[in-house]
1. Just to verify a result, which residue in region 1-26, among those that are of a type outside the set (Gly, Ala, Ser), out of contact with any Gly (no Cβ under 7 Å at 6 or more places or on another chain) and more than 19 Å from residue 108 (Cα to Cα), is modelled with the lowest pLDDT?
2. Quickly run through region 12-35 and pick out the residues that are part of a helix (DSSP H, G or I) and of a type in the set (A, V, I, L, M).
3. Contact list please: Cβ distance under 8 Å, first residue in region 173-185 and touching a residue at least 60 places away in the same chain (Cβ under 8 Å) and closer than 8 Å to residue 74 by Cα, second residue of a type in the set (S, T, N, Q) and not in a helix (DSSP H, G or I), pairs at least six apart or on different chains.
4. Quick check on this structure: which one of 107, 132 is surrounded by 21 or more Cβ atoms within 10 Å (Cβ to Cβ), at pLDDT 85 or above and farther than 20 Å from residue 4 by Cβ?
5. For region 76-95, name all the residues that are under 15 Å from residue 20 (Cα atoms) and modelled with pLDDT of 65 or more.
6. I'm told residue 120 meets every condition in (1) at pLDDT below 80; (2) within 12 Å of the chain's Cα centre (by Cα); (3) of a type in the set (S, T, N, Q) except one. Can you identify the failing condition by its number?
7. Could you list, in sequence order, all residues of region 1-43 that are of a type in the set (Ser, Thr, Tyr) and exposed (fewer than 15 other Cβ atoms within 10 Å of the Cβ)?
Amino acid sequence: MDYFFIIALAVGLAMDAFAVSVSCGLCVIKRRYWHAVRAALFFGFFQWGMLSLGWLSGSTFRTFIEPVDHWIAFVLLTFIGVKMWKESTEEAEPLDLTSVKLMLTLSVATSIDAFAAGISITALGYPIVLPSIVVGTITFCLSFAGVLLGCWMTSYTKFSKYLNRLGSVILIVIGTKILIEHLLS
């Protein structure tokens, strides 16, 4: 497996986590670096772990996961996106995407494709150590940058309510994109 392929795979897998991280950053008011590191750890760890788990499970779970993985990601991301939109229209405190419960849910939803990629790497007969480290590291870096980008967007505008809605739309679009890609392939 060449380095270009590994980096391209890592960036491709990290894009969903990056977009969701931007949405998380839109929710952060204080302690932005803490939240950026925390989100990056969640997303990076889950991408690394799911890729490795997919590789370990090989073809054993392929028949069970592949038919429903896109539906799981779609439902989780759409549910959170709709809830985030609803709470941005109320006068209540907006949904905190940086809570542990939601970070776990978002991490799983954005790393399901890494599980499938791990299965593919097994089928190709490649070792997993280097790809999993690169995927986890690139996801960590992009997620960290995504949270800070989202924080920056809210700190320079009076339209944070609308940015929270944008974040919710991003989550729904990512879930829909995952669903459409899998249904068309």
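1. The first filter runs over region 1-26 and keeps only residues of a type outside the set (Gly, Ala, Ser), leaving 1-7, 9, 11, 13, 15-16, 18, 20, 22, 24, 26.
Checking which are out of contact with any Gly (no Cβ under 7 Å at 6 or more places or on another chain) leaves us with 1-7, 9, 11, 13, 15-16, 20.
Now drop any that are not more than 19 Å from residue 108 (Cα to Cα), which leaves 1-7.
On the way: 1: 65, 2: 80, 3: 87, 4: 86, 5: 84, 6: 87, 7: 89.
Here the answer is 1.
2. Residues of region 12-35 part of a helix (DSSP H, G or I): 12-27, 32-35.
Scanning region 12-35 gives 13, 14, 15, 17, 19, 20, 22, 26.
3. Correct list of pairs: empty, since none qualify.
4. 107 is the lone residue from the list that is surrounded by 21 or more Cβ atoms within 10 Å (Cβ to Cβ), at pLDDT 85 or above and farther than 20 Å from residue 4 by Cβ.
5. 76, 77, 78, 79, 80, 81, 82, 83, 84, 85
6. Only one criterion in (1) at pLDDT below 80; (2) within 12 Å of the chain's Cα centre (by Cα); (3) of a type in the set (S, T, N, Q) is unmet by residue 120, namely (2).
7. Looking only at region 1-43, we keep the residues that are of a type in the set (Ser, Thr, Tyr), and these are 3, 21, 23, 33.
Matches in region 1-43: 3, 33.
The values are calculated or read from the model by the stated rules, or taken from the named source; none is laboratory data. If you're wondering where the values come from, they're calculated on a predicted model, not measured in any experiment. Glycine also receives a Cβ, built like all others from the backbone with ideal geometry; neighbour counts cover every protein chain displayed.
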